[in-house]
Amino acid sequence: MRRQRLDDEGDFVLHVAFGRLPNVVRLVRNTAVEVAKPLGYLEQLDDVQLLTSELATNAVRHSHGDITLTVRRRSDAALFLAVGDESPHFPRRRSAALHDERGRGLELLHCLAARWGIASTGHGSKYVWCLLPTPTTPPIRETPA
C-alpha cells in the first residue's frame with residue numbers, strides 16, 4: 001500500500017506499508033531516499049539513508065508485524081521521517097561500548113536529527129520519528145514539455 005498526497009496543511013505526505021518482506025530495511029531506506037531527493041534534500045541524503053536504515057532495522061529486530069514508512073515534507077520545508085512497527089514497546093537510548101555491534105541507533109538519531117521522538121498509535125503499535133532541518137537546495141521542479 002502506497003499513499004501519496006498533500007495533507008490539510010499542504011504538506012507532501014507519503015505513507016507506505018511494507019509488511020514483513022525479507023529485504024524491508026533496504027526497501028524502507030531506498031524509498032525514503034527516492035522521496036527526499038526530488039524534494040530538495042540532496043545535502044541530507046546520507047542522513048536520510050542512515051536514519052531510515054537504523055529505524056527500520058530496530059523495527060525488524062524488535063517487532064513481529066508490519067513495518068511502515070511515513071515521509072512528510074512540512075510547510076516549513078523540514079523533512080519528517082517515521083518508521084512504524086507493531087510492537088507497543090518503546091526503544092531506549094543506550095551507551096554502546098566501542099566494540100558493541102548494537103545500541104547506537106537512537107544515539108545516531110539524537111546526533112543527526114533536529115528533533116526526534118516515539119509515539120504510540122494506541123493500537124499496540126508505535127512509530128519512531130525524526131525531523132531533518134530545512135534543506136538549502138530547492139526542490140526539483142518538473143518543466144512542462
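Test of understanding: what is the full-extension gain from Arg74 to Leu45, defined as 0.36 nm times their sequence separation minus their Cα-Cα distance?
Full-extension gain reported as 8.8 nm.
Which number comes out as Rg/Rh for the range 28-92 once both Rg and the Kirkwood Rh are worked out on C-alpha atoms? Could you put the intermediate results ahead of the total?
Numbers: Rg = 12.3 Å, Rh = 12.3 Å.
Over the Cα atoms of the range 28-92, Rg/Rh equals 1.00.
Which value, in Å² rounded to 10, gives the accessible area of Asp76 with a 1.4 Å probe and all protein chains present?
So the heavy atoms of Asp76 present about 80 Å² to solvent.
Can you send over the carbon and sulfur percentage of the accessible area for the range 32-94, probe radius 1.4 Å, protein chains only?
On the way: 1390 of 3000 Å².
The nonpolar share, carbon plus sulfur, comes to 46 percent.
What figure in square angstrom, to the nearest 10, would you give for the accessible area of Glu43 with a 1.4 Å probe?
Rounded to the nearest 10, the figure is 130 Å².
The values are calculated or read from the model by the stated rules, or taken from the named source; none is laboratory data. Values in this document were obtained by computation on a predicted structure and should not be read as measured data. We work out accessible area using only protein heavy atoms, side chains counted, and drop any ligands, DNA or RNA first. Shrake-Rupley method; radii C 1.70, N 1.55, O 1.52, S 1.80 Å.
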